[in-house]
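Peer 1: Just passing along the structure, written as structure tokens.
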Ligand code: GMT
């Protein structure tokens with residue numbers, strides 16, 4: 001099959017899932033054309049994977065547009081790629097603007113009779129495209145239009161499937177295809193022992209108790225409630241010798257940095273910024289902490305479980321479909337900083353329970369979110385969409 005994949009070139013989940021899917025499809029012999037503004041960080045060079053950059057800034061110097069109309073530039077680029085006969089099908093990640101641009105491209109080709117054949121559009125919604133963009137009056141109608149116009153819509157969790165059904169009247173049900181553990185996320189050997197003071201500057205010495213490491217990964221947007229992560233850590237720090245590693249970057253990072261200074265815990269917190277690969281840091285961590293307001297899935301939690309890192313997270317959206325409370329993680333109400341801290345302390349203080357959670361997390365991630373099985377489900381959706389009378393039938 002010749003598959004077009006359109007995504008944000010982000011460190012965030014949708015960019016990661018789209019890139020890992022592109023690599024997996026190409027590995028299985030498909031030709032994959034990734035269309036995005038720049039190359040996604042996880043999209044390594046691989047045979048069968050082609051990248052088509054989109055430059056939304058053209059003609060800006062003329063001074064007509066206040067903002068680069070990226071949606072139009074993307075539609076234009078997608079139409080060029082389809083017209084060149086490179087695609088059987090287009091799989092877009094995130095409803096707006098990607099599904100909107102895909103439908104525009106398809107309509108342009110249909111109107112000009114220029115396409116080699118109709119190019120079905122599969123749209124995967126990832127969360128905020130439905131709960132934030134899709135809920136906003138400035139965008140809700142166009143998101144609904146793009147989802148209804150897609151030949152198939154998939155979501156990574158039942159929670160997001162329900163959200164789509166509540167907000168938009170779609171003719172066909174949304175297919176649930178969970179995200180999967182990337183290859184690099186699956187350890188082939190047992191990871192090294194934790195809390196070994198492996199990081200430079202950890203302050204570990206034979207005499208001092210080992211410092212336990214909590215890790216958080218996010219894009220530091222308000223929905224991630226990073227202030228709750230820091231506040232919970234400050235409570236943990238009162239009870240245990242621990243440190244916090246924050247991976248990622250975004251608008252709430254400066255606020256989190258000053259919160260650490262105000263709480264006097266700056267010396268125990270490290271902001272590592274965006275990291276192309278999180279596994280080496282996960283392997284040195286004892287616990288993953290997430291305090292999100294909402295998560296359609298929680299790919300970062302899954303990556304932690306796959307590396308044998310137990311998760312403490314808020315029970316929201318699709319998180320309970322990924323993290324099993326009491327088996328490989330502990331789930332708390334959104335905004336309950338004390339509960340988050342208590343859950344962290346109870347796990348950090350109990351190495352044998354932590355080890356049991358770690359074992360279960362590795363097994364659960366491998367069995368329920370297996371890359372091969374999930375990529376096969378996408379291939380089934382693609383085939384059904386391409387089959388006359390299948391998902392793409394009017
Ligand atoms: O979490 C973000 O803000 C990034 C966002 C994205 O679109 O990249 O992540 C969403 O998609 C991921 C992959 O499906 C999910 O694991 C995240 O839970 C989801 N984020 C939200 O729903 C807030």
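Peer 1: Could you tell me whether any residue of segment 313-322 is away from the ligand (no atom under 16 Å from the Cβ), part of a loop (DSSP other than H, G, I, E, B) and buried (at least 24 other Cβ atoms within 10 Å of the Cβ)?
Peer 2: Looking through segment 313-322, none of the residues is away from the ligand (no atom under 16 Å from the Cβ), part of a loop (DSSP other than H, G, I, E, B) and buried (at least 24 other Cβ atoms within 10 Å of the Cβ).
Peer 1: Can I ask one more? Among 302, 340, which is in a helix (DSSP H, G or I), under 25 Å from residue 253 (Cβ atoms) and within 16 Å of the ligand (Cβ to nearest atom)?
Peer 2: 302
Peer 1: What's the number of the only condition in (1) at pLDDT below 95; (2) under 24 Å from residue 37 (Cβ atoms); (3) in contact with a helix residue (DSSP H, G or I) (Cβ under 7 Å, 6 or more places away or on another chain); (4) more than 13 Å from the ligand (Cβ to nearest atom) that residue 122 fails to meet?
Peer 2: With (1) at pLDDT below 95; (2) under 24 Å from residue 37 (Cβ atoms); (3) in contact with a helix residue (DSSP H, G or I) (Cβ under 7 Å, 6 or more places away or on another chain); (4) more than 13 Å from the ligand (Cβ to nearest atom) applied to residue 122, the lone miss is (1).
Peer 1: So which residues in segment 368-382 are part of a helix (DSSP H, G or I) and buried (at least 19 other Cβ atoms within 10 Å of the Cβ)?
Peer 2: Answer for segment 368-382, where residues must be part of a helix (DSSP H, G or I) and buried (at least 19 other Cβ atoms within 10 Å of the Cβ): 371, 374, 375, 378, 381, 382.
Peer 1: Go through segment 140-167 and count every residue that is within 14 Å of the ligand (Cβ to nearest atom), touching a helix residue (DSSP H, G or I) at 6+ places or on another chain (Cβ under 6 Å) and part of a helix (DSSP H, G or I).
Peer 2: Residues that pass the stated criteria total 3.
Peer 1: Follow-up. Which condition from (1) part of a helix (DSSP H, G or I); (2) away from the ligand (no atom under 13 Å from the Cβ) is the one that residue 285 breaks?
Peer 2: Only one criterion in (1) part of a helix (DSSP H, G or I); (2) away from the ligand (no atom under 13 Å from the Cβ) is unmet by residue 285, namely (1).
Peer 1: Output the residues belonging to segment 228-254 that are more than 16 Å from the ligand (Cβ to nearest atom), touching a helix residue (DSSP H, G or I) at 6+ places or on another chain (Cβ under 7 Å) and assigned to a helix (DSSP H, G or I).
Peer 2: Once the filter is applied, which keeps residues that are more than 16 Å from the ligand (Cβ to nearest atom), touching a helix residue (DSSP H, G or I) at 6+ places or on another chain (Cβ under 7 Å) and assigned to a helix (DSSP H, G or I), segment 228-254 yields 230, 231, 232, 234, 235, 236, 237, 239.
Peer 1: Pick from 9, 41: which is within 18 Å of residue 274 (Cα to Cα), in a loop (DSSP other than H, G, I, E, B), within 16 Å of the ligand (Cβ to nearest atom) and touching a strand residue (DSSP E or B) at 6+ places or on another chain (Cβ under 6 Å)?
Peer 2: On the way: 41 fails: touching a strand residue (DSSP E or B) at 6+ places or on another chain (Cβ under 6 Å).
Of 9, 41, the one residue that is within 18 Å of residue 274 (Cα to Cα), in a loop (DSSP other than H, G, I, E, B), within 16 Å of the ligand (Cβ to nearest atom) and touching a strand residue (DSSP E or B) at 6+ places or on another chain (Cβ under 6 Å) is 9.
The values are calculated or read from the model by the stated rules, or taken from the named source; none is laboratory data. Here the structure is a predicted model, which means the values were calculated and not measured. Positions of Cβ are generated from backbone atoms using ideal geometry, with glycine treated the same way; all protein chains shown enter the neighbour counts.
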